[in-house]
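Working notes, beginning with the structure itself.
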Amino acid sequence: QVQLVESGGGSVQPGGSLRLSCTASGTIFGIYTIGWYHQAPGKQRELVALINRLGAPGYADSARGRFTISADNAKNTVSLQMNSLKPDDTAVYYCNARNSVADYWGQGTQVTVSS
């Protein structure tokens, strides 16, 4: 089992920045990727960014150039730095960890971008 705890959501004006963090615990050996997904009301959960065990990042088109995902292996933490936020970024953001047998999800953290 893998447990994921997210932090760092909140409210910000358009153009602002937020940093989300996800700390993993439990059986973290064997995790392939850790990523961030978001889900807006009435919409499907979508990938925002992920990072693999080698540290290689991947981004959705909507996040590329504005968001940066990074990993601190010593702290078992993956962070998502979100800059130039837009109202369309408003959603609940979920941390996801994937290994050979399952997907694991955090509880979610709300990000609201509004003037």
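When the chain is modelled as a GNM with alpha-carbon springs shorter than 10 Å, which of Ser70, Ser100, Ser62 fluctuates the most?
Answer for the Gaussian network model of the chain: Ser100.
If contacts are Cα pairs under 8 angstrom and at least 6 residues apart, what is the relative contact order of the range 23-115 in percent?
Details: 168 pairs, mean separation 27.0, N = 93.
Relative contact order comes out at 29 percent.
For the range 28-38, what does the Karplus curve 6.51 cos²θ - 1.76 cosθ + 1.60, with θ = phi - 60°, yield as ³J(HN,Hα) per residue in whole Hz, taken in order and with x for Gly and Pro?
Each residue's phi maps through the Karplus curve to give 8, 5, x, 5, 7, 9, 10, x, 10, 10, 10 Hz.
What is the sum of charges around Thr33, taking Lys and Arg as +1, Asp and Glu as -1, for the other residues whose C-beta is under 15 Å from the C-beta of Thr33? Before the final figure, lay out each step's value.
On the way: positive: Arg53, Arg98; negative: Asp103.
Net charge around Thr33: +1.
What is the distance, in nm, between label points placed 7 Å from the Cα along the Cα-to-Cβ direction at Leu47 and at Thr33?
0.3
Would you mind checking which residues have amide H under 5 Å from Ala60's amide H? H placed 1.01 Å from N; only 5 or more apart, or other chain.
Residues meeting the criterion, in which the H sits 1.01 Å from N, are Ala49.
Laboratory data are not the source of any read-out in this text; all were calculated from the coordinates shown. Every value quoted in this text rests on a predicted model; they were computed, and no experiment measured them. Reconstructed Cβ throughout: ideal geometry from the backbone, glycine too, with neighbour counts over all protein chains shown.
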